[in-house]
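See below for the structure under consideration.
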Amino acid sequence: MASAFSLHFPFSFPSSSSHPSFPKLPLNPSIVTLSATSSRFRHVHHSRRSRIPAASIAVDSPSTSKSDGIENSPKPLLEVKDLTAVIAESKRKILHGINLVIYEGEVHAVMGKNGSGKSTFSKVLAGHPDYEVTGGSVVFKGENLLDMDPEERSHAGLFMSFQAPVEIPGVSNIDFLRMSYNARRTKQGLKELGPIEFYGFLSPKLAAVNIDTSFLDRNVNEGFSGGEKKRNEILQLAVLEADMAILDEIDSGLDVDALQDVAKAVNSLSTPKNSVLMITHYRRLLDFIKPKYVHIMEDGRIIKTGDVSLAKQLEKEGYKAVSAV
């Protein structure tokens, strides 16, 4: 029913079961969301606005693991401790205690076999209503992420790119981007940008991710190739200037040339203050976006953490070489 939806920016989670005729939209900025009641991310265990200690399994940055008294040292951006979650409808447990700490300026990669919980983890971080947190805590920029609605998480600086971005007929890219950006400005107490001002802001972003201005007049992802869709997602990331980007298999379905273009766009947005969490099956992505740490997931938990050599070991020996069993 149309009345169940309302205009809202950014994150949205249309209900695929209750509204089968409505297109399922990506988690990054969108033009519709569920009503406040149904879009509320449900969780059982939480502590309001509390900080948590660094998880023991996570590998801290050497420059930040010791107290060196330098004010400009990177700070923890995302802290996940003992996170457990179930599928909301069936109550089947998917995440079995994830521990992870990501500092400012770091790139992390999560790898694992199908069904290991990688994509579920990313969706839980974004606040997808299909999943219910049953334990643990998640702190983002010093705030309890689990207390935030999906759109609040986006306004706070969290961005998620999906494996298969969908088309949104009738909505031009430039309108989509401007409304999404202005929604975040409004949340920050800033004045919205008009069309001319926004175009001035947008132009260098287009150049940074190598997207032609003709993209702006096209409907969101409509008729786009796989590579164009992924680059369009990265343009959205650039416009929102997110602090944490969760990239769920951005290499999926891309040939080498398209992958290089997307990776170059992601790398161009890197700063000492923002971070990236990549989810992938393949080492080839790590050749273009180089992570500081690689984490292996199995049965809903991180079982091993290392550098990029861990991904090389996987490629050579398979997951049996690092399995917890």
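What the table shows:
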{"item": "Segments 241-250, 296-305 sorted - mean Cβ within 10 Å per residue, highest first", "result": "241-250, 296-305"}
{"item": "Dipole moment magnitude, nearest 20 debye, the stretch 224-325 about Cα centre, only Lys, Arg, Asp, Glu C-beta charged", "result": "320 debye"}
{"item": "Extension gain from Asn267 to Asp130, taking 0.36 nm per residue of separation minus the Cα-Cα distance", "result": "46.2 nm"}
{"item": "Inter-centroid distance (Cα atoms) of the stretch 270-316 relative to the stretch 137-206, Å", "result": "26 Å"}
{"item": "Per-residue HN-Hα couplings for the stretch 150-155 [Karplus 6.51, -1.76, 1.60; θ = phi - 60°; Hz; x = Gly/Pro]", "result": "x, 5, 5, 5, 5, 4"}
{"item": "Spin-label zone in the stretch 209-235 - amide nitrogen under 18 Å from a point set 7 Å from the Cα of Tyr199 along the C-beta vector", "result": "211-219"}
{"item": "Among 270-277, 107-114, 78-85, 232-239, the order from most to least packed when residues are scored by Cβ within 10 Å on average", "result": "232-239, 78-85, 107-114, 270-277"}
{"item": "Gain on full stretching of the segment that runs from Lys93 to Ser225 - 0.36 nm per residue minus C-alpha separation", "result": "43.9 nm"}
{"item": "Mean separation of Cα contacts under 8 Å, 6 or more apart, over the residue count of the stretch 189-325: relative contact order %", "result": "19 percent"}
{"item": "Distance between modelled label sites at Ser309 and Arg284, nm, 7 Å Cα→Cβ extension", "result": "2.5 nm"}
{"item": "Debye-sum result for the stretch 267-314 in log10 I(q)/I(0), which assumes one identical scatterer on each alpha carbon, at q = 0.23 Å⁻¹", "result": "-0.91"}
{"item": "Built amide H within the under 5 Å cut-off of Gly136, gap 5+", "result": "Thr84"}
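No lab work stands behind these numbers, since they all come straight from the coordinates. Owing to the predicted nature of the structure, the values given are computational and were not obtained by experimental measurement. Cβ: placed from backbone, ideal geometry, glycine included. Neighbour counts: every protein chain shown.
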